[in-house]
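The structure under discussion appears below in the form of structure tokens.
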Amino acid sequence: MSSETHKGLPFAGYQEQTSDKVALVNANKQLEERCIRAAEMIRGTPGMDARMASLAITGIQEAFMWLNRAVFQPGRVSLPEDNQGSAA
């Protein structure tokens, strides 16, 4: 695994990532795009069920979102009320 890290997104819960993880997610994004384009071709073909193809596209997007979250593992965030002391 690469020792180079990339700063996380400037949002709560996102952390630094290795170059290997970034490369893996970038490869996943290309694979996702190929799958979506295949579904879009079916959706645009007469005699095919466009609604089912659209549902497939949504499913592909969701599946790759979960897959990429498995790689990047964004964490939970603290809320302002987590730091309040008890008033007893």
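The values are calculated or read from the model by the stated rules, or taken from the named source; none is laboratory data. Keep in mind the model is a prediction, meaning the values are calculated, not measured. Methodologically, a virtual Cβ is constructed for each residue, glycine included, from the backbone with ideal geometry; neighbour enumeration extends over all protein chains shown.
Below is a table of values for the structure above.
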item	result
Test result for GLN30, part of a helix (DSSP H, G or I), surrounded by 11 or more Cβ atoms within 10 Å (Cβ to Cβ) and within 15 Å of the chain's Cα centre (by Cα)	no
GLU81 being touching a strand residue (DSSP E or B) at 6+ places or on another chain (Cβ under 6 Å) and free of Cβ contacts under 8 Å to residues at least 12 places away in the same chain	no
Unmet requirement for SER3, which otherwise passes all of (1) among the polar types (S, T, N, Q); (2) at pLDDT below 95; (3) outside any loop (DSSP other than H, G, I, E, B)	(3)
Residues being charged (D, E, K, R), over 18 Å from GLU33 (Cβ atoms) and either touching a strand residue (DSSP E or B) at 6+ places or on another chain (Cβ under 6 Å) or in a helix (DSSP H, G or I) (or both) - total across the range 45-68	1
Test: residue in the range 36-48 that is surrounded by 14 or more Cβ atoms within 10 Å (Cβ to Cβ) and among the acidic types (Asp, Glu)	yes
Qualifying position, being touching a strand residue (DSSP E or B) at 6+ places or on another chain (Cβ under 7 Å), in contact (Cβ under 8 Å) with a residue 12 or more places away in the chain and in a helix (DSSP H, G or I), among VAL22, VAL71	VAL22
